[in-house]
Amino acid sequence: MEHRYTYADRAEFFRPSPVRSVWDVSMQPGMISFAGGNPDLSILPLDELGKAAQRIITERGTDALQYGAGAGLPSLRTKFTELMESGGVHDIDADDVMVTPGSQMGINLTTTLLCNPHDVILAEGPTYVGAIGSFLGHEADIRHVMCDDDGLVPEALIEAIQKARADGKRIAFLYTIPNFSNPTGIRLSVERRQQIVEICRTEGVQIVEDDPYGILSFDGTMLPSMRSMDDSVIYLGSVSKIFSPGLRIGWTVAPPEFHQRMLLASEASALMAGVLSQELTYEYLEHMDWRTHVQSGISRYKARAEALVAGLEETMPEGVTWTTPKGGFFTWLTLPEGTDSDEVLAKAIEKKVVFISGPGFFADGQGKRNLRLSYSRVSEDDIREGTSRLAEVLS
Ligand code: PMP
């Protein structure tokens, strides 16, 4: 007889990631994929990394393959404070840094600690699918806040806070991706950052700042993080886009009290980030010329973003608009009234081009006229060909 599982209520709330669901399609021969948000790892010094991995295992394998401290390797925690220093966040205490198995875990732990079922989480509309997945799994009431070309709109944030309160709701936090957002590629202006920090301070709304793309700025400018404007902001970092997503290393910065709680929650779920991954990440950031490698990644991403925007300008029919990224991996298209991006996706796949359609980036069914194109791993030739295939479908 078939076994029947008795699921917890929350099991109902998880939904398939739209990125994973086109994964197999992306791999089909001849397919041009604008789907995944993967970094281009051909920039990595693989020989050097191989030697480092070997050295770590042969010289200190009994530690590197062992359990480690819950908050992560002290040397790596310090390294992350230096990384943030170069991005304008000064005076971070390494004690406030916790290494996590990817920033996805940072999102999840923060949600576990701050969000009761049915609490409101405010987030940009659209926002990162993985965050939506985590929030839904915690039975959150996700409310999207409108964005424009400068990012989250402060007036819309105030309205959303007031509406949630008028509905008798507790607001768990504002989740925001200020730098080169996934999925829009938009960077929040400095003025807006200040305004939003001020609004949240006045209204007593916690900010969770998710920043995996900040370093990937095409012109090298880095805007001050919200954490640099207010110590109470919970900051989430990641090496996934500047080094390796497969190693699963991210970090959180939070005041001591929250940090301690996070540590307990983390130990109850993953125990800690893999020690070997931490060791290798430390080697990369301490002993290799990682900034040069990242810079060569940025040059490629910039060239691909420019090729994509040029391709869109040349081929897209009237009424299609898009964001022009200044960093990161993504652009966000808005299709003419009455278009359904899921239908466009089905037809596009027949023409051998794939992307992620808009609704996956919203919790409430918006995004039917939108789609996300990722250019991070597509050659410029494929970008030209891919945009013209997409244009054929749209025409
Ligand atoms: N936040 C955002 C905005 C992302 O785009 C991603 C990865 N796509 C993550 C978090 C998760 O990154 P990590 O690999 O560090 O878990």
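Of note:
- Extreme residue, surrounded by the fewest Cβ atoms within 10 Å (Cβ to Cβ), among residues of region 277-289 that are more than 21 Å from the chain's Cα centre (by Cα) and in a helix (DSSP H, G or I): His287
- For region 295-349, a tally of residues being assigned to a helix (DSSP H, G or I) and over 28 Å from Pro29 (Cβ atoms) returns 6.
- Residue match in region 147-165 (condition: of a type outside the set (Ser, Thr, Tyr), part of a helix (DSSP H, G or I), more than 15 Å from the chain's Cα centre (by Cα) and within 16 Å of the ligand (Cβ to nearest atom)): no
- In the set Val197, Val205, only one residue is surrounded by 16 or more Cβ atoms within 10 Å (Cβ to Cβ), more than 16 Å from the ligand (Cβ to nearest atom) and assigned to a loop (DSSP other than H, G, I, E, B); that residue is Val205.
- Failed item, numbered, when Met31 is tested on (1) within 16 Å of the ligand (Cβ to nearest atom); (2) open to solvent by less than 70 Å² (accessible area, probe 1.4 Å); (3) touching a helix residue (DSSP H, G or I) at 6+ places or on another chain (Cβ under 7 Å): (1)
- Against the test of being touching a helix residue (DSSP H, G or I) at 6+ places or on another chain (Cβ under 9 Å) and among the small types (Gly, Ala, Ser), the options Gly328, Gly274 yield a single qualifying residue, Gly328.
- Positions within region 100-119 being near the ligand (Cβ under 8 Å from one of its atoms) and over 16 Å from Ala268 (Cβ atoms), in sequence order: Gly102, Ser103, Gln104, Ile107
- Residue selected from region 25-48 under the condition small (Gly, Ala, Ser) and touching a residue at least 60 places away in the same chain (Cβ under 8 Å), by the criterion farthest from Lys241 (Cα to Cα): Gly30
- Selected residue [in contact with a Ser or Thr (Cβ under 8 Å, 6 or more places away or on another chain) and of a type in the set (S, T, N, Q)] from Ser86, Ser103: Ser103
- Region 208-222, subset within 16 Å of the ligand (Cβ to nearest atom) and open to solvent by 10 Å² or more (accessible area, probe 1.4 Å), residue nearest to Asn179 (Cα to Cα): Asp211
- In the set (1) assigned to a loop (DSSP other than H, G, I, E, B); (2) under 17 Å from the mean Cα position of the chain (by Cα); (3) of a type in the set (A, V, I, L, M, F, W, C); (4) within 13 Å of the ligand (Cβ to nearest atom), Met226 fails one condition alone, (4).
- Failed item, numbered, when Val22 is tested on (1) in contact with a strand residue (DSSP E or B) (Cβ under 9 Å, 6 or more places away or on another chain); (2) loosely packed, with under 15 Cβ neighbours inside 10 Å; (3) not hydroxyl-bearing (Ser, Thr, Tyr): (2)
Each row is one residue, and each column tells you yes or no for (1) surrounded by fewer than 21 Cβ atoms within 10 Å (Cβ to Cβ); (2) closer than 27 Å to Ile215 by Cα; (3) among the small types (Gly, Ala, Ser).
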{"residue": "Arg300", "(1), (2), (3)": "yes, yes, no"}
{"residue": "Ala307", "(1), (2), (3)": "yes, yes, yes"}
{"residue": "Glu314", "(1), (2), (3)": "yes, no, no"}
{"residue": "Gly319", "(1), (2), (3)": "yes, no, yes"}
{"residue": "Gly328", "(1), (2), (3)": "no, yes, yes"}
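- Filter result for Ser228 (open to solvent by 10 Å² or more (accessible area, probe 1.4 Å) and at pLDDT below 95): yes
The values are calculated or read from the model by the stated rules, or taken from the named source; none is laboratory data. Note that the structure is predicted; figures quoted are calculated from it, not measured. Positions of Cβ are backbone-derived with ideal geometry, glycine not excepted, and every protein chain shown enters the neighbour counts. What goes into the accessible areas is simple: the full protein's heavy atoms, side chains included, and nothing from ligands, DNA or RNA. Shrake-Rupley method; radii C 1.70, N 1.55, O 1.52, S 1.80 Å.
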